[in-house]
Amino acid sequence: MSRIKNHLSELTTAGRKALIAYIVAGDPNPAVTVPFMHTLVEKGVDLIELGVPFSDPMAEGPTIQRAHERALQHKISLRDTLAMLREFRQSNSTTPVIIMGYANPIEVIGYDAFCQEAVAAGLDGVLVVDLPPEESADFDALLEQYELDRICLLSPTTTAERAKAIAERASGFLYYVSLKGVTGAATINIEEVQAKIDAIKAFTDIPLCVGFGIKDGDSARRLARVADGVVVGSAIVDLLSQGDTGLMKATSLVEELRAGLD
Amino acid sequence: MTDFTVFPDANGHFGPYGGRFVSETLFAALDELSSNYQRLKSEAGFQAEFDDDLAHYVGRPSPLYHAKRWSEKLGGAQVFLKREDLNHTGAHKVNNTIGQALLAKYSGKNRIIAETGAGQHGVASATVAARMGLECCVYMGATDVARQSLNVYRMKLLGAEVVPVTSGSQTLKDAMNEAMRDWVSNVDNTFYIIGTVAGPHPYPQLVRDFQAVIGREAKQQCLEQAGRLPDLLVACVGGGSNAIGLFHPFLTDESVEMVGVEAGGDGIASGRHAAPLNAGKPGVLHGNRTYLMEDENGQIIETHSVSAGLDYPGVGPEHSWLKDLGRVDYTAVNDDEALAAFRELTLVEGIMPALESSHALAYVQKVAPTMSQDKIIVVNLSGRGDKDILTLAEIDNIRV
């Protein structure tokens, strides 16, 4: 059983919700990433999503765009991101870690070579924002062969038919994008999200986590009622970049989110 | 020979290129656009409205002009200029914005967005928006806003909002990222008018189809004026919409050779250029797989060209495929060669070409003298040079 599946089913058994934290590898500087990953785990994060810096992060709002730019000032690559994970794994072999990024940095390495390196680094799953099922048959086959989970996005505009096809391909968890927009955008309509999630739950058993637009303990708690977990990115990334006190503020936010969920 | 007319396939692929590499939220919008387009393009009413607008609003057909004096001076092949510079708004871009604005109207969208580099596509989008009473928002890299101030002002006069994009390299590619972000956030009421034959399917197909009027006219005009098909077609390639528009109707005419001219900037060897087909490799950007300029880590690198309209690190996927198939040759000319060609055509024929089109002319200057006088070259004069006057004046140290 995969580390993700294992961890999420333990949570379900315990009646708890998953807290997934997103940070960009190397942001605001490379020295922060691995120690902060350990902090995230200490403060109750169940799964870490490492953003891979890319020059053209099309799906990101301003907060995460800036994070990509900061990481790229330090020339952080996909291989550097995997190196950070390898370092993290030296003292943590239990917390699931996935990467979230764009297709081109993976294409440059090559799908097969990437999978080998990812497994060696201790990666659990892959979310490629701009690689939909229509374009990923080869990659999906390799992910399955290397036992890496394929995390897929579902959005408010995804049709039921398409959602079914995506759910069949996905493993680990399904990532429901709560709103039409980019990361960090404003308001979520909980009722709308609930209706969508209920419809998806009717045809799949894969855990369903919700992201985009969750900012604090309160919004995390309200969304967790309708899903198996929440993904928080921009709110953490925003605090993390705020100078000397950023790390402390980001850490308190994670504590608040955990408390909101429990 | 490959049957070029049946591509792209149903999923938008040109061989290994093209496709739909976008986030999940945009899929429904792309599906809707595809099905609307497939339905409308075969409807007589839609086509008639498009043709009518091209005739009476754009001023088509644009002339095919035999540049006799220039041909004589070059001492080789006869050069014919396809005068897209004479279109309303001054470039080929308007052919496409007319078509897409009609799609927007038939799709019930009341807001259009566009990205622009040199500003020609932005002006063409703002123009059709004004005419149809649509809200219009144009994304433009902050660097380009500074170097194309005339076009920025034109767009504002036309009632469009121009948003300077300050992320990334602050040029065309970043403007396209920002337009995609807007689209994903406002997908219910917004139609995204992409300006070139790139982006996710069906854009490379529909932009090509709207621009193919250039090649259809050129073919007929060449047959009428010269009594035969041309031997060589030449066009500049940034994203590649004016080139594919000229080339596509000739692809199955085996005797017709084609050359696409990319922006060589300071020279390919310098690394400061915008020539992915000459010096890049295949990758994924802006919703399609195509040749790109990227570093060893897959990051898109900054491009350089004196012409803002060619300053783009990718290229339309159909060009990538035509390159691999060997049907079209792709070469590059440098900034200084393009500038020299601008001056030459201006002085010899009294026609001021856009700096983009000047790249195609610079190649003609090199190749025409090597061909015999009974050969025919058709070059796409894709836009007029008025917008570039300030760039030229700056190079000449003249204050306008």
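List of remarks:
- The set of residues in segment A:243-257 being in contact with a helix residue (DSSP H, G or I) (Cβ under 8 Å, 6 or more places away or on another chain) and open to solvent by less than 70 Å² (accessible area, probe 1.4 Å) consists of A:Gly246, A:Ala250, A:Thr251, A:Leu253, A:Val254, A:Leu257.
- When segment B:14-40 is filtered for residues that are free of Cβ contacts under 8 Å to residues at least 60 places away in the same chain, open to solvent by 30 Å² or more (accessible area, probe 1.4 Å) and at the interface with chain A (Cβ under 10 Å from one of its Cβ atoms), only B:Asp31 remains.
- The lone criterion from (1) in contact (Cβ under 8 Å) with a residue 40 or more places away in the chain; (2) within 14 Å of chain B (Cβ to nearest Cβ); (3) hydroxyl-bearing (Ser, Thr, Tyr) left unmet by A:Ser2 is number (2).
- First in segment A:63-88 and more than 9 Å from chain B (Cβ to nearest Cβ), second anywhere and among the polar types (S, T, N, Q), Cβ under 6 Å, 6 or more apart: A:Thr63/A:Ser234; A:Ile64/A:Thr183; A:Ile64/A:Ser234; A:Met84/A:Thr33
Conditions tested, residue by residue: (1) open to solvent by 20 Å² or more (accessible area, probe 1.4 Å); (2) of a type in the set (D, E, K, R); (3) free of Cβ contacts under 8 Å to residues at least 24 places away in the same chain.
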residue: A:Gln145; (1), (2), (3): yes, no, no
residue: A:Pro156; (1), (2), (3): yes, no, no
residue: A:Ala163; (1), (2), (3): no, no, no
residue: A:Ile166; (1), (2), (3): no, no, no
residue: A:Thr183; (1), (2), (3): no, no, no
residue: A:Asp198; (1), (2), (3): yes, yes, no
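- Summed over segment B:190-201, the residues that are assigned to a loop (DSSP other than H, G, I, E, B) and closer than 21 Å to B:Asn110 by Cβ give a count of 2.
- Restricting attention to segment B:125-154, the residues being open to solvent by less than 30 Å² (accessible area, probe 1.4 Å) and either under 26 Å from B:Val400 (Cα atoms) or in a helix (DSSP H, G or I) (or both) number 12.
- Residues satisfying the stated conditions in segment A:226-251, i.e. touching a Lys or Arg at 6+ places or on another chain (Cβ under 8 Å) and over 27 Å from A:His7 (Cβ atoms): A:Ser241, A:Gln242
- Screening A:Val210, A:Val193 for residues that are open to solvent by less than 10 Å² (accessible area, probe 1.4 Å), in contact with a Pro (Cβ under 9 Å, 6 or more places away or on another chain) and closer than 26 Å to A:Lys5 by Cβ leaves exactly one candidate, A:Val193.
- For segment B:368-400, the set of residues classified as touching a residue at least 12 places away in the same chain (Cβ under 8 Å), more than 30 Å from B:Pro249 (Cβ to Cβ) and of a type in the set (Gly, Ala, Ser) is empty.
- Considering segment B:87-113, the residues that are touching a helix residue (DSSP H, G or I) at 6+ places or on another chain (Cβ under 6 Å) and among the polar types (S, T, N, Q) include one that is farthest from B:Leu54 (Cα to Cα), namely B:Ser107.
- Filtered residue count, segment A:106-133, keeping only those that are in contact with a Ser or Thr (Cβ under 7 Å, 6 or more places away or on another chain) and within 11 Å of chain B (Cβ to nearest Cβ): 2
- All positions within segment B:106-124 that are of a type in the set (Ser, Thr, Tyr) and in a loop (DSSP other than H, G, I, E, B): B:Ser107
- Test: A:Ile99 is among the β-branched types (Val, Ile, Thr), over 19 Å from A:Gly26 (Cα atoms) and more than 10 Å from chain B (Cβ to nearest Cβ): no
- Taking (1) over 16 Å from the mean Cα position of the chain (by Cα); (2) away from chain B (no Cβ under 12 Å); (3) open to solvent by 10 Å² or more (accessible area, probe 1.4 Å) in turn, A:Asp149 satisfies each apart from (1).
- Look at segment B:284-313: where a residue is facing chain A (nearest Cβ under 9 Å) and closer than 23 Å to B:Leu325 by Cα and a partner is open to solvent by 30 Å² or more (accessible area, probe 1.4 Å) and acidic (Asp, Glu), sitting 6+ places away or on another chain with Cβ atoms under 7 Å, you get B:Val284/A:Glu107.
- Checking A:Phe173, A:Phe139, A:Phe114 one by one, the residue that is at pLDDT 95 or above and out of contact with any Lys or Arg (no Cβ under 9 Å at 6 or more places or on another chain) is A:Phe114 and no other.
- In segment A:20-62, the residue that is farthest from B:Thr171 (Cα to Cα) out of those that are polar (S, T, N, Q) and either away from every other protein chain (no Cβ under 14 Å) or surrounded by fewer than 22 Cβ atoms within 10 Å (Cβ to Cβ) (or both) is A:Thr39.
- Test: residue in segment B:154-171 that is at pLDDT below 95 and either within 16 Å of B:His121 (Cα to Cα) or of a type in the set (A, V, I, L, M, F, W, C) (or both): yes
- Residues of segment B:223-272 satisfying the condition of being touching a strand residue (DSSP E or B) at 6+ places or on another chain (Cβ under 6 Å), in a loop (DSSP other than H, G, I, E, B) and open to solvent by 10 Å² or more (accessible area, probe 1.4 Å): B:Asp231
Condition check ((1) over 24 Å from B:Lys323 (Cα atoms); (2) more than 20 Å from the chain's Cα centre (by Cα); (3) touching a residue at least 24 places away in the same chain (Cβ under 8 Å); (4) within 14 Å of another protein chain (Cβ to nearest Cβ)) across all residues:
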{"position": "B:Met1", "(1), (2), (3), (4)": "no, yes, yes, no"}
{"position": "B:Ser71", "(1), (2), (3), (4)": "yes, yes, yes, no"}
{"position": "B:His88", "(1), (2), (3), (4)": "yes, no, yes, no"}
{"position": "B:Asn96", "(1), (2), (3), (4)": "no, no, yes, no"}
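- Residues located in segment B:164-189, provided they are under 23 Å from the mean Cα position of the chain (by Cα) and in a loop (DSSP other than H, G, I, E, B): B:Gly168, B:Ser169, B:Gln170, B:Thr171
The values are calculated or read from the model by the stated rules, or taken from the named source; none is laboratory data. What you see is a predicted model; the values in this text were computed from it and never measured. Reconstructed Cβ throughout: ideal geometry from the backbone, glycine too, with neighbour counts over all protein chains shown. Please note that ligands, DNA and RNA were not included when accessible areas were found on the heavy atoms of the full protein model with its side chains. Shrake-Rupley method; radii C 1.70, N 1.55, O 1.52, S 1.80 Å.
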